[in-house]
Amino acid sequence: EDQFIVEDIGGVLQLIKERVSYNVGLYKTFDEILTNAVDQSVRDPSMTYVTVLIAEDSITIKNDGKEMIPIEKQTISIKGVEKTLWIPEMIFGHMRSSSNFDDTQERIVGGRNGLGAKLTNIFSKLFTITIVNRGVCYKQSFSNNLSVINPPVITKVAEPNSFTVSFTPDIERFGCKSMIENDNFKMMTKRVYDIAGVIREKVKVFFNDELIPITNFKEYCAMLQPVQSVYYKSGWWELIISPSEQFNHITFVNGINTFSGGSHLNYILNQIIKAIQEFFTKKHKMTVSESVIKNSLTLCINTKIVNPAFKSQSKEELTTKQ
């Protein structure tokens with residue numbers, strides 16, 4: 001696909017569109033966990049950092065915050081049988097467990113159905129969670145594509161609150177020899193930069209032990225290096241509009257990169273096209289087609305949508321009605 005990736009050109013970070021070859025399934029196992037960290041920054045205003053480490057065969061994502069997953073037990077019914085489970089195990093190791101099922105609640109997070117982290121677990125050889133909450137450390141590993149659930153190890157520690165997910169993707173199931181082969185690593189790297197651009201400004205994002213020097217969406221879009229651009233912000237909407245030789249867009253909904261755009265992109269783009277057409281009609285008595293205007297724009301959108309709907313679990317296209 002043609003995708004934007006991050007390149008260091010002469011010491012300047014730039015977003016460059018390239019033809020890339022990457023494994024979408026493998027990419028999403030990474031993206032689901034990273035999106036969880038973004039969601040946590042929405043739920044927990046005390047969160048200050050996200051760290052991402054990508055090695056040749058493993059990925060580790062960690063964040064802090066006051067509001068950690070409770071290290072408690074809860075009784076649930078599994079196939080008609082009552083079981084008492086630790087809440088972290090229930091969240092990451094058992095299907096149909098989520099806090100996102102009630103659509104009467106208005107949420108502006110990326111998670112919708114409680115599937116993402118579990119699917120990553122299923123497609124991992126090893127998946128480990130570590131929760132430090134109020135002096136208690138809960139560590140549990142799942143292995144062999146979630147066919148083995150190891151008992152948790154719970155200890156007392158003198159550490160600040162944190163949540164860590166470390167997993168080894170089952171790359172053979174994706175037909176890959178290495179997690180960083182082809183452009184997989186480029187796409188994952190760009191996704192971490194996405195997060196730095198759309199997450200709450202006070203949250204620092206570290207990638208492979210280095211602080212990403214981006215603190216807001218405007219700085220993120222500056223990597224496009226446009227000759228000129230217009231920045232607009234209203235409520236939950238942030239836009240960057242730039243001239244272009246062909247139509248390009250980079251769009252986000254609740255921290256999710258919607259590669260294929262969707263209703264949010266159409267909502268904004270149609271307004272811009274209409275306004276420009278009206279300008280040419282009134283000022284210059286000219287009729288300019290939609291395609292001519294569209295193909296002269298690069299449009300970047302960062303927005304929050306309450307309880308968003310997507311075309312598929314990969315969440316590449318927003319389908320929420322306008």
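The values are calculated or read from the model by the stated rules, or taken from the named source; none is laboratory data. Predicted model, so just to flag it, every value in this text is computed and none were measured. Virtual Cβ from ideal backbone geometry, glycine too; neighbours counted across all protein chains shown. Ligands, DNA and RNA are excluded from the accessible area calculation, which covers all protein heavy atoms including side chains. Shrake-Rupley method; radii C 1.70, N 1.55, O 1.52, S 1.80 Å.
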Legend entry - Only one of Glu278, Glu317 that is more than 26 Å from Phe30 (Cβ to Cβ) and among the acidic types (Asp, Glu): Glu278
Inset, instruction - Answer yes or no: is there a residue in the stretch 214-224 that is basic (Lys, Arg) and within 19 Å of Arg19 (Cβ to Cβ). - result: no
Legend entry - Among (1) open to solvent by less than 30 Å² (accessible area, probe 1.4 Å); (2) free of Cβ contacts under 8 Å to residues at least 12 places away in the same chain - the single one Gly10 does not satisfy: (1)
Legend entry - the stretch 36-69, subset of a type in the set (Gly, Ala, Ser) and surrounded by fewer than 20 Cβ atoms within 10 Å (Cβ to Cβ), residue modelled with the lowest pLDDT: Ala55
Inset, instruction - Filter the stretch 254-271 down to residues that are in contact with a Gly (Cβ under 7 Å, 6 or more places away or on another chain) and on the phi < 0 side of the Ramachandran plot, then give me how many there are. - result: 1
Legend entry - Elements of type strands (runs of 3 or more DSSP E) in the stretch 121-192, at least 3 residues being in contact with a Ser or Thr (Cβ under 7 Å, 6 or more places away or on another chain): 124-133, 136-143, 162-169
Inset, instruction - With the checklist (1) among the small types (Gly, Ala, Ser); (2) under 30 Å from Thr48 (Cα atoms); (3) within 18 Å of the chain's Cα centre (by Cα) in hand, flag the one item Gly262 doesn't pass. - result: (2)
Inset, instruction - Output the qualifying pairs, or none if there are none: Cβ atoms under 8 angstrom, residues six or more apart or on different chains, first residue in the stretch 192-212 and under 17 Å from Thr35 (Cα atoms), second residue in a helix (DSSP H, G or I) and open to solvent by 70 Å² or more (accessible area, probe 1.4 Å). - result: Gly197/Glu219
